[in-house]
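Each remark here refers to the structure printed beneath this line.
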């Protein structure tokens, strides 16, 4: 899941300053982790410890209250209610990468992605977005080709993955829905040549840059199994020790390659 987190950190400075090019500095003094990272680590903690998803998401969110959450999640996070709020936002997909790395059958991945999503994002599109992102990671981990990944995601979830980034980029705008950002994140991976290229492509379309790069980064890590060391080192510099502890424990337990 470190690939997802690196994508979030690299994309953090472009979320409200969109660019339409792949030529940009990966890190700057303003690069930071956002809600994508905080909630991804929360999910990883649940898989390590057996915590309840709703409890952990609230716990981590309240610990990092200024990480940039969506309005509905923020209100839920500080409420006493545990009921979901029927969201189809891409928050379900941005936090799901640990699920794709932790389980060894597609059925398990899809079921756990649903469980992870539906504590907040119980709308069918919210669940579908999380399942699609986790499924792509699982297939990439298994060594499936990009053609096979594209075919499975298209057939299973109905996403149109036949578009190209050149077609998407000119008119793409900020869209925080699963249906308006998860396919674009997957296409960014499909067109990439390596991990860094995947993240650059994800950010280059504009929109919700940190989240799109987070989703793309998780899939790219699973597929390429290699993230440049300088990217890992720069990302670790901005992560708090408690987040790094969970990340390192997760990678060790599930033998995650990067």
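Some notes on this structure:
- Only residues that are over 17 Å from residue 93 (Cα atoms) and in contact (Cβ under 8 Å) with a residue 60 or more places away in the chain were counted in segment 150-190, giving 2.
- Yes/no for residue 227 being modelled with pLDDT of 95 or more and buried (at least 17 other Cβ atoms within 10 Å of the Cβ): yes
- Among (1) surrounded by fewer than 22 Cβ atoms within 10 Å (Cβ to Cβ); (2) in contact with a helix residue (DSSP H, G or I) (Cβ under 7 Å, 6 or more places away or on another chain); (3) more than 29 Å from residue 164 (Cα to Cα) - the single one residue 191 does not satisfy: (3)
- Residue 196 assigned to a helix (DSSP H, G or I), modelled with pLDDT of 95 or more and either surrounded by fewer than 16 Cβ atoms within 10 Å (Cβ to Cβ) or in contact with a strand residue (DSSP E or B) (Cβ under 8 Å, 6 or more places away or on another chain) (or both): no
- Test: residue in segment 106-124 that is surrounded by fewer than 20 Cβ atoms within 10 Å (Cβ to Cβ), farther than 27 Å from residue 15 by Cα and touching a residue at least 60 places away in the same chain (Cβ under 8 Å): yes
- Residue match in segment 77-98 (condition: assigned to a helix (DSSP H, G or I), in contact (Cβ under 8 Å) with a residue 40 or more places away in the chain and surrounded by fewer than 22 Cβ atoms within 10 Å (Cβ to Cβ)): no
- Unmet criterion (only one of (1) assigned to a helix (DSSP H, G or I); (2) under 23 Å from residue 15 (Cα atoms); (3) touching a helix residue (DSSP H, G or I) at 6+ places or on another chain (Cβ under 9 Å)) for residue 179: (1)
- Scope segment 230-248; condition over 19 Å from residue 43 (Cα atoms) and either free of Cβ contacts under 8 Å to residues at least 60 places away in the same chain or more than 19 Å from the chain's Cα centre (by Cα) (or both); matching residues: 230, 233, 237
- Residue selection: residue 172 fails the criterion of being over 18 Å from residue 212 (Cβ atoms), at pLDDT 95 or above and in contact with a helix residue (DSSP H, G or I) (Cβ under 8 Å, 6 or more places away or on another chain).
- Of all the residues in segment 139-162, those that are part of a helix (DSSP H, G or I) and under 20 Å from the mean Cα position of the chain (by Cα) number 11.
- Filtered by the rule that a residue be under 17 Å from the mean Cα position of the chain (by Cα) and in a helix (DSSP H, G or I), segment 107-124 gives 109, 110, 112, 113, 114, 115, 116, 117, 118.
- Candidates 104, 17: the one that is assigned to a loop (DSSP other than H, G, I, E, B) and closer than 24 Å to residue 248 by Cα is 104.
- Considering segment 13-51, the residues that are free of Cβ contacts under 8 Å to residues at least 40 places away in the same chain and surrounded by 14 or more Cβ atoms within 10 Å (Cβ to Cβ) include one that is farthest from residue 191 (Cα to Cα), namely 51.
The values are calculated or read from the model by the stated rules, or taken from the named source; none is laboratory data. Small disclaimer: the values here were computed from a predicted structure and weren't measured. With ideal geometry, Cβ positions are generated from the backbone for all residues, glycine too; neighbour counts draw on all protein chains shown.
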